[in-house]
Amino acid sequence: DLKFRYSPKNLIRVQNLIQKINSTTKTNQLFELMVQLDITIGLNLPICFNIQSSFTDANFCIVHLETGGLGLPDRDYYFLDSKKSIRENYKQFISNYAQAFGIKLDPKEIFNLEKKIAFPISAPVFFI
């Protein structure tokens, strides 16, 4: 329901979340906040945390770190020349989104961070 999503109460929640993120001054604080947001509200982050069985011993559970939510659909969108216009539109989207929530950020920095995260990800495989 769009009325619920864009209610003043939810806008305040988003602004409080942004304040928490902006108040972090150390890497470990940001990491702890990311874990908390991933576990408590399932926020789509560049890094996901999962608890699963160990690869070597199924009797033990361990924390798995995985690449998570990138803004673009897959790795190719960050690197292929044919996706350049999509990348430019995405950077503009980041800028517009930040302005809508009163966040000061550099869309190029956000994009470049996502690009670094996307680099080691395998290219999509299509089956015929």
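The values are calculated or read from the model by the stated rules, or taken from the named source; none is laboratory data. Fair warning: this is a prediction, and the values are worked out from it, not measured in the lab. Counting neighbours? That spans all protein chains shown, and the Cβs are built from the backbone with ideal geometry, glycine included. To get the accessible areas, we keep the full protein, side chains included, count just its heavy atoms, and leave off ligands, DNA and RNA. Shrake-Rupley method; radii C 1.70, N 1.55, O 1.52, S 1.80 Å.
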Quiz item: If you take the beta carbon distance between LYS115 and ARG13 as r and set R0 to 30 Å, what does 1/(1 + (r/R0)^6) give as a FRET efficiency, to the nearest 0.05?
Solution: 0.55
Quiz prompt | Accessible surface, 1.4 Å probe, highest first, among residues PHE55, PHE31 | solution = PHE55, PHE31
Quiz item: Using a cut-off of 20 Å between alpha-carbon atoms, which aspartates and glutamates can reach LYS20, once sequence neighbours fewer than 8 places away in the same chain are excluded?
Solution: GLU32, ASP38, ASP106, GLU109
Exercise. Check the straight Cα-Cα distances from LYS108 and name the lysines below 20 Å, setting aside those fewer than 8 residues away within the same chain.
Key: LYS83, LYS84, LYS91, LYS116
Quiz prompt | the range 1-119 - percent relative contact order, Cα under 8 Å, separation 6 or more | solution = 17 percent
Exercise. Tell me the label-point distance for the pair LEU105, THR40, using the 7 Å Cα-to-Cβ offset, in nm and rounded to one decimal.
Key: 1.9 nm
Quiz prompt | Proportion of all alpha-carbon pairs of the chain beyond 27 Å (%) | solution = 32 percent
Quiz prompt | Cut-off 11 Å (backbone N to label point 7 Å along Cα→Cβ of LEU65), residues of the range 11-38 | solution = 28, 31-32
Exercise. Would you list which aspartates and glutamates come within 20 Å of LYS104, measuring only between C-alpha atoms, while excluding same-chain residues fewer than 8 positions from it?
Key: GLU88, GLU114
